[in-house]
Structures are given as structure tokens and as C-alpha cells.
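Chemist: Right, I'll just put the structure down here and ask away after.
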Amino acid sequence: MFTIDDLADRLGGYLPPDEIQQVKRAFYYAEQAHDGQRRRSGEPYVTHPLAVANILANMHMDHQSLMAAMLHDVLEDTGVSKKALLAQFGKPVAELVDGVSKLTQITFEDKAVAQAENFQKMVLAMSRDIRVIIVKLADRLHNMRTLGALRPDKKRRIARETLEIYARIAGRLGINTIRVELEDLSFQALHPMRAERIKRAVASARGNRRSAMREIQSSLQQSLDDEGLKGTVIGRQKHLLSIYKKMRDQRKPFADIMDVFGFRIITEDVASCYRILGVVHNLYKPVPGRFKDYIAIPKANGYQSLHTTLFGRGGMPIEVQIRTREMEAMANNGIAAHWLYKAGQTTHPIAEGSHARARAWVKGLLEMQRHAGDSLEFIEHVKNDLFPDDIYVFTPKGDIMELPQGATVIDFAYSVHTDIGNNCIACRIDRHLAPLSTRLESGQTLEIITAPGARPNLAWLNFVTTAKARSAIRHALKHQQQAEAVIFGRRLLNKALAPFETSLEELDESVFARAFKELDVSSLDALLESLGLGNRLAHVAARRLVDVAHGENTDCVLSADSEKAVVISGSEGMVINFARCCHPLPGDPIVGHLSVGKGLVVHRSECKNLGDRKNDPEKLFALEWSDNINEDFPVALRIEIESRRGLVAELAGVVTDADANIERIGIEERDARLSIVNLTLSVKGRVHLASIIKRIRNLHNVGKITRMTN
Ligand code: MN
């Protein structure tokens, strides 16, 4: 059995003794924490983390990754807390373990298969330290190697998840040794019969071809030696899943696929690669169109190599890959190749921190790319793959939603469903209540709390980022305005009906039906809405209704009640607007002007802007303030005051003491002594304003104070 001492011996090859000691300490800690737990195979549980650490040791990963591997199931499966790990092993290791545990907690259910792509991106977005993924991949690899003891359905589920997600992530990160093994193990678990058949066929084909392989290999090697080129020729085997996929996707019989001889030539430097290519093309005739230069233009995951196919004896194709030793390490280990190469250096690059590591890897790719000339597309590809700009969050049911960076709770709500957005009143992020403007992070689970009848808020437009949310909010607000217009239109129409000593409620259905035709509206709501929005006049509509009700000629029944004012409170919503020209305040004499499409605009009676509108008396309304008003209203003041330091603070103090808010403040200096302050406040009404002005007057050297209109 493989023991911690075996591992320690192996680590001696690339880690200093004190770090090996720390890895051992993590092992003993895990052994104790998992004490009494067994794997399904019957072995003590700790054999699993030990094996995971061993996989990482083969990749020459650093001691912190190995410690995290030892401890990776401790948070999940034992009573140990993250805090305890932090105290025992320090922050970097505790963070790694926490990161791996978080990935483990995300269970990939069957329904999520279609979301595999998003899931991969989510995993990457969540793993700010790339080592988290590498430890997780090693964990999954060992679980796949020991899958035998599980129930068949569970086996299949894990195999599918491995294939869809972890093998692809390994591929994305260029860790091909792990990718290939994960793929073959998954394939065997999903299709045991097919895998077995291919395996046997490969073995027998290999036997038959052994002498041909050996012949080609030695002639390749010989021609390198003749030219004095340093290089090693290796025979290549296809792995099971790639054979199966070729048979399935290209509908080729097994014999055709195995009819290809694969070789790899590993050499010292890039120049030798191209020279060897020349030698090889000289030895066998190349198949036209099959040469690929991945050295000049690397693949997105950093893979570099020359590929060519040759005509062997009898036209048998020979595939040859030519690359340097470094490229070979990169092709096998991808992002993990860094640790392989940095080993033996005194400073550990990992200590610099997480994200920086992965960035360095990408930077390496970019530098390679620079030699090959600029390719923005390539750069974008790598960047998006490794550092997705988008964020990925869960619905309570476990579906993954993709949102742009910076998206908020409201964006999420609207992306689930427009109704959920419209009725959203609160939200829980990972079970905790959070503000609706909270920016989301990958991996969070969101639960939106809705209330029937709740409506979107105009202020949401200030922080939403998605077009869908924006247009849905605008749309809903427009609806709201319509609803409010109907209510206000009813008030206006009833007021206009009052002089005829009737009301909407008293009029007969049949009257409406006939009058609507004449008024060219389809329903009462449509009529009320157009009245509320100021698109038609209430007294005209009232006259029409009364005419229809009584037969023509109703002039005689006009009562003296017609001058009764409409009472407003400021909380009517979007169909009553307060004019920006004169800023009317409760207490001011006011008058209303029906403005097409906007509804009623409230002006102060003395407002100069009303001038030309007075020619249009049908659109002017007498208005009165309600007795109970709870809204704040804006008012603009112009204050002449002595220039001095701290003036703004002084004014702000006075306004706040008077229980009002400053909306805007602007200062223009008239001369060295005198400043003009333009102040916009929100106040309760005239009385409130008077008390504020009085306080301002009490300041030093105040000149004229003017309430601004027009
Ligand atoms: Mn595990």
C-alpha cells in the first residue's frame, strides 16, 4: 500500500525538507479528522486524499497544493471548520481547501447537462486561484480511477459529469494527461462493452503492426542521426475515446482508424523542429494540405507543435508531431507545467498569489503569440476562456443563469421572468437578505421575493445593466402611468359631469355604448386614460355623455357647481406633474394646465409661463392643495451672501437643522466680497420654506434672498 512515507520520498526530488514536513503534517491532520471513515472499497478514507496528493506530486505541484489535497474533504466530511484550518495551516492552504469544497458542493444534476458549458465557465470564474481547479481535477481523477465500487447509475452520473465538465476544463487548461485519462475512464464507465471491444481490438492490431512501427521508428531516428539532429522518436497510441469518436463521427471502420501510424519527435529547440520537419518530408512524401504549424500559431490553450502526415510504404499514412521538450511538457501539463518548471527555484511563484499565477500563464501565451504576429482574436479567446467576463449564478432550483459583469439583483430577476422583475420587492443572496442594487458574483444562489401588485421603481433604472431589465422597467412604468391616468381621468370626468348634476356611476351602460362611438374610443378606460393624460377635454366628453343620455339640448341643466376646484395631494403619481418653471409649493395658489400626453401640470397662479396658455381656458383647471400632504417639493432660492470660507457648510447646516434637504447647490462669485448661491431644496410647503429663509437671514452678511420662478 502507498504510504505517506512513500510520498515523502517522492517529494524529496523537488521540495525542501521543511515543506515536505508540512505536507506530512497535513496528512496526519486529515488522517485524524477522517478517523473511522472508510471509502466504499473498504479502505480507510485517508487513502483517497493521499492518492490525490500523489497525483499532484507527479505534476510537481507546490507544497500548499499538496496540503490542500490532503485536507480537501475535511470541511465537507468531518467536523473541522475553516477557522480551524486557518489556525493550523495558514490562510493560503485554508483558502485552497475552501475553494475545492465550494466546487464539490455544487452538484451537477442531470437537468444541468445542457448547461455544461456555463458550468465550466462558472468553475473557472469561481476559482480565483488556479490551483483550486488543479486540486479538484486530481480529486476527480482519483475518484474516477476508483469508480468500481459504486452503483451503476451513480457511476454513469459521475462519468457524464466528468466528461462534460472536468475533462473539458482539463483540456481548456492544457492539462492533457489528465484530460485523456478522465476521458477514457468516463468512456469505460458509460459504455463498458464498447470500451472493452475497442481495447481488445487495439491490443491485437498493435501486435500485428509491431514490426511495421519499429521499422518506421528506426528509419526516422536514423535520418535524424545522419543529419546530426538531436531528437527522440516515440511511437504514439490513440486513446480509447478518440478512436471511438472517430469511428462514430467520421463513420470509419476500426481498421481505417488503426491504419494510421503515429509518432512524436521531441527535440531541443524551435529551429531543430523545422529542420527535423525538412528531414522527415525528405524521407517520406508529405500528404498535401495536412501540415499544421502550431508553433507559429499556438492553439488557444497554449498547445504548440508541428503536425504533418506522410505517405508510408504502400500509401499507409504516418502522422508525425514535432516539438521541443518544453512544448511537450506544456502539451501534457498545460497550465500546471509552470510548477514543473519552477521546481528547484528558491522562490515559489505561487507565493505571489493566486490569480497572478494564471495571468502569468496567459501572459506566456500572449508572448508566444507575439512572435507569431498579432491576433486579437486569439487573445480574446484565451482571455474569455480563462477569465470569463460574465458571471454565473444559481436560481433556487439550481439552474445556472449567465449575466454580464456588474449585473444586479434586479437584472437577475428580469432575466428569470419579466413578472418576477416587476413584482420584486426583496432578495436573498445565499440565504441572506441583500439590497436590490447588489452587484452579483459567480456561484451565488439567488432567491427573489415578490409581492403581487408590487411595481418597479423608477430608481432601478439608475443601476440595472441589462437591456432586458431596462426596457421591462420602462414598459411597466408606462403601464403604471396608464393606470394612474385612468384614475385621474375619472376624477376629471366626474368633475365635468357635476354641473349637469350627474356622475359616471349614475349613467347607464347603453349611454356609454352610444357615446363611445361618437367619441371614437373603444372603452371607458380608454376614454378615462385619454382624459387623464390630457389628450382630450373632460367637459367635451361630459357634454357628449349628457347629450346622449337626455337626447340633445342640455344647456339648461348647468348648475353653479362648475367652479369647484380639483384637490391634489402630490401623491397621485405620474399623471400630475409639478412645473419645473415655478416650483409650486403647498400653500401657493395654483392652477392646473392639461398638457397633451403628460396629464396635468401644476403651476403657481402667477407663473409667467401660463401667459399664453390662458387663451386656452378649457385646458386650465382650478386646483386646491389637499389638507394632508406628505410629499417633499423642490424649490429654488437665490441668495446673495458675503464670500467666505466654509460658506457651503454653513448653509448646509442651516438647511439640515430646519429638516430639509439640499438637492443642488451652485455658487457664482460676483466679486471678492459677494457670492450668489443658487440653492435647490426639497421642502414640505410654504410655511416650511419661510422658516428656512428666516434661518438663512440670521447668518452673517446675507443680502437678498429670492425664490426663483421661471
Ligand atoms: Mn475527494
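The values are calculated or read from the model by the stated rules, or taken from the named source; none is laboratory data. This one's a predicted model, so the numbers in the text were calculated from it and none came from an experiment. Cβ atoms come from the backbone with ideal geometry, glycine included; neighbour counts cover every protein chain shown. The accessibility values were calculated without ligands, DNA or RNA, using every heavy atom of the protein model including side chains. Shrake-Rupley method; radii C 1.70, N 1.55, O 1.52, S 1.80 Å.
Chemist: Over all distinct alpha-carbon pairs, what is the Kirkwood Rh of segment 210-254 in angstrom?
Modeler: 12.8
Chemist: Further, regarding this structure: For segment 318-333, just list the computed ³J(HN,Hα) in residue order, Karplus coefficients 6.51, -1.76 and 1.60, θ = phi - 60°, integers in Hz, with x standing in for Gly and Pro.
Modeler: Values, residue by residue: 10, 8, 10, 10, 10, 7, 7, 5, 4, 5, 5, 4, 5, 5, 7, 10 Hz.
Chemist: If Lys and Arg each add +1 and Asp and Glu each add -1, what is the summed charge of the other residues whose beta carbon sits under 13 Å from the beta carbon of Gln221?
Modeler: In short, -1.
Chemist: I've got another one for you. Quick one: order Leu71, Leu620 from most to least accessible surface, probe 1.4 Å. Spell out each step's value before the answer.
Modeler: Values: Leu71 0, Leu620 45 Å².
Greatest to least solvent exposure: Leu620, Leu71.
Chemist: Expressed in nm to one decimal, what extension gain is obtained for the pair His307 and Met193 from 0.36 nm per residue of sequence separation less their Cα-Cα distance?
Modeler: Gain on stretching His307 to Met193: 37.8 nm.
Chemist: Okay, next question. Tabulate in residue order the Karplus-calculated ³J(HN,Hα) for segment 583-592, using 6.51 cos²θ - 1.76 cosθ + 1.60 with θ = phi - 60°, rounded to whole Hz; enter x for Gly and Pro.
Modeler: Calculated HN-Hα couplings, in order: 6, x, 10, x, x, 6, x, 10, 9, x Hz.
Chemist: Taking the 0 to 90 degree range and rounding to the nearest ten, how far is the long axis of helix 130-145 tilted relative to the main principal axis of the chain, both from C-alpha atoms?
Modeler: So the inclination is approximately 60 degrees.
Chemist: If we sort 409-422, 21-34 on the protection proxy, mean other Cβ atoms within 10 Å, highest first, what's the order?
Modeler: 409-422, 21-34
Chemist: Among Lys154, Lys478, Lys292, what's the order by accessible area (1.4 angstrom probe), most exposed first?
Modeler: Most to least solvent-accessible, the answer reads Lys478, Lys292, Lys154.
Chemist: If I fit a long axis through the Cα atoms of helix 240-249 and take the longest principal axis of the Cα atoms of the chain, what angle between them do I get, 0 to 90°, rounded to 10?
Modeler: Once rounded, one gets 60 degrees.
Chemist: Using alpha carbons only, how many degrees (0 to 90, rounded to 10) separate the axis of helix 176-190 from the longest principal axis of the chain?
Modeler: 90
Chemist: Turning to a different aspect of this structure: First select every other residue whose beta carbon is under 12 angstrom from the beta carbon of Val46; then total the charges, Lys and Arg +1, Asp and Glu -1.
Modeler: With Lys, Arg at +1 and Asp, Glu at -1, the neighbours total -3.
Chemist: How much accessible area does Glu164 have with a 1.4 Å probe, in Å² rounded to the nearest 10?
Modeler: For Glu164, solvent-accessible area is about 40 Å².
Chemist: Right, another one. According to the Cα gyration tensor, what semi-axes, each the square root of 5 times an eigenvalue, does the equivalent ellipsoid of the chain have, listed from largest to smallest in whole Å?
Modeler: Here the semi-axes work out to 76, 33, 27 Å.
Chemist: Which three extents, in whole angstrom, do the alpha-carbon atoms of segment 415-528 cover along their principal axes, largest first?
Modeler: Principal-axis extents of the Cα atoms in segment 415-528, largest first: 64, 23, 23 Å.
Chemist: Out of the total accessible area of the chain (probe 1.4 Å, heavy atoms of protein only), what percent is carbon and sulfur?
Modeler: So the carbon and sulfur contribution to the accessible surface is 49 percent.
Chemist: Net charge near Ala636, counting Lys/Arg +1 and Asp/Glu -1 over other residues with Cβ under 10 Å of its Cβ?
Modeler: +3
Chemist: For the chain, give the magnitude of the charge dipole about the Cα centre (Cβ charges: +1 Lys/Arg, -1 Asp/Glu; no others), in debye to the nearest 20. Display every interim value, and only then the final one.
Modeler: On the way: 95 positive and 88 negative charges, 520 e Å.
Dipole size: approximately 2500 debye.
Chemist: Given an 8 Å cut-off on Cα distances and at least 6 residues of separation, report the relative contact order of the chain as a percent.
Modeler: RCO, the chain: 7 percent.
Chemist: Let me ask another. May I ask you to rank Phe578, Phe621 by accessible area, largest first, using a 1.4 Å probe over the protein chains only?
Modeler: Phe578, Phe621
Chemist: Heavy-atom accessible area per residue, the chain, 1.4 Å probe: how many Å²?
Modeler: Per residue, the chain has 50 Å² of solvent-accessible surface.
Chemist: With all pairs of different alpha carbon atoms counted, what Kirkwood hydrodynamic radius in Å does segment 633-707 show?
Modeler: By the Kirkwood definition, the hydrodynamic radius is 12.2 Å.
Chemist: To continue, here is another question. Scan around Asn535 for amide H atoms under 5 Å from its own, H built in the peptide plane at 1.01 Å from N, and keep only partners 5 or more places away or cross-chain.
Modeler: Gly597
Chemist: Ok, one more. Stokes-Einstein at 25 °C, 0.890 mPa s, Kirkwood radius from Cα pairs: D for segment 452-605 in µm² s⁻¹? Can you show the working numbers first?
Modeler: On the way: Rh = 17.2 Å.
Rounded, D is 142 µm²/s.
Chemist: Quick one: length gained pulling Ser643 to Ala84 fully straight, 0.36 nm per residue minus the C-alpha distance? Don't jump to the answer; show the numbers that get you there.
Modeler: Working: separation 559, 0.36 × 559 = 201.24 nm, distance 6.17 nm.
Gain in length upon complete extension: 195.1 nm.
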